[in-house]
Amino acid sequence: MKKASRIIILIIVICCAAGAGAAYYINSHFTYNTDTAVGNTAGNLNNGGLFCEYDGKIYFSNPYDSDCLYVMNSDCSKAHKLNDDHANSINVSGSHILYVKNNMSRTSIAGDYRGQMFGIVCTNLNGKNSKVLTQTKSLTASLYGNYLYYQHYDNDTALTFYKIKIDGKENTKLSDTPYNPSSVYSGRIYFSDPNKQNNVSYLDTNSSQIMSYYSANAYMVDAAGSYIYYIDVDKGYSLVRLNTGNMTLELLYQPLSGKVVNFNRYGSKIFFQMEGDNAGLYRMNADGTQVEYIAYGNISHIHCTSQYTFFQYYEDDVTLYRIPTTGAISKVEEITIR
């Protein structure tokens, strides 16, 4: 009997040691990204980061299920829930999904939700093994390499600008100004600088220095290739792009009436939202040619992926619509994801 007890105790000790060893191995073998990894497009993050395409999958916040985190194939097939977090600023690269969660919703309140309401989360691509990086309110967040750059909120300082390593270490304040980190390109984060009359400025991710780049009253900056795209407030809310090779400005779309208030560039296409007499969603080439009128109304949350561009209406934050990102647009399609 004593021998049997010793054997049972030995088995328990071995199991505990094996479990501890496995936990140590997992924690000490965190998978990091390449130094140049980018988590999402500037256009998607400027629109809330509710959709993010990576390796043939679309990770998204499902409006039909209280904005919970879902995944589906790039053709919108085989959608399924990853977890119950209400996700935005979704970034995906390597082995991880990183996102800002805001679980303060009517659904969670009614259900007496007792979990952590806010924060930044890093999880596996299957939605498992979630690690909470911060537990504070955050707005826009953007991944570059192994750091997430984000707008941090607390009651004392309101919004400020931070970065944190994807393993939860090195949570560091970069500036008291809450710069928008959406546009990441070639080691820099470009943004409209409120401290310098909305000039285009950038953060050097190596030195963490903030530098002025171009004098303009800019809004919604998107740097890619040889151009920086933005809405020029001083030019009547026109859509423009700056040629960074010769520093000349190209006027892409100038409204005759109304103004451009939102856009999303994906490759050689730009989708933009007009307010005013010609309100609605438009598409054009990135050089300003072939302007197409797509849908009438007050459009919101324009998100682009390789096959489809998704959007909603301000008056209806549940129903989701899609159109082809490239190629002919024959109709606007309502899509339901349950």
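Values computed for the structure shown
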{"item": "Within a Gaussian network of the chain (alpha carbon springs, distance under 10 Å), most fluctuating of 262, 33, 44", "result": "33"}
{"item": "Förster radius 35 Å - calculated FRET efficiency between residue 206 and residue 287 (Cβ-Cβ, nearest 0.05)", "result": "0.65"}
{"item": "Additional length obtainable on full extension of the chain from residue 75 to residue 171, 0.36 nm per residue less Cα span", "result": "30.9 nm"}
{"item": "For the chain, size of Cβ-based charge dipole, Lys and Arg +1, Asp and Glu -1, in debye", "result": "1460"}
{"item": "Choice from 100, 240, 184 showing the highest fluctuation, given a GNM over the chain with Cα pairs closer than 10 Å", "result": "240"}
{"item": "Highest-MSF residue in the chain out of 58, 210, 97 [GNM, Cα springs under 10 Å]", "result": "210"}
{"item": "Efficiency of FRET from Cβ geometry, residue 129 and residue 55, R₀ 22 Å, rounded to 0.05", "result": "0.75"}
{"item": "Volume in Å³ per residue [convex hull over Cα atoms, computed for the chain]", "result": "172"}
{"item": "Reachable lysines from residue 78, criterion Cα separation under 30 angstrom, eight or more residues apart if same chain", "result": "57, 101, 128, 131, 269, 331"}
{"item": "Pair residue 226, residue 317: separation of 7 Å Cα→Cβ label points (nm)", "result": "4.2"}
{"item": "Hydrodynamic radius by Kirkwood, which averages 1/r over all alpha carbon pairs of region 197-338, in angstrom", "result": "16.1"}
{"item": "Approximate spin-label separation residue 259-residue 158, in nm, with each point projected 7 Å along Cα-to-Cβ", "result": "2.0"}
{"item": "Order of 192, 77 under a 10 Å beta carbon neighbour criterion, fewest first", "result": "77, 192"}
{"item": "Nearest 10 degrees, 0 to 90: helix 2-28 Cα axis against the chain principal axis", "result": "20"}
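Values in this text are rule-based calculations from the coordinates and carry no lab data. Just so it is clear, the model here is predicted, and its values are computed rather than measured. Positions of Cβ are backbone-derived with ideal geometry, glycine not excepted, and every protein chain shown enters the neighbour counts.
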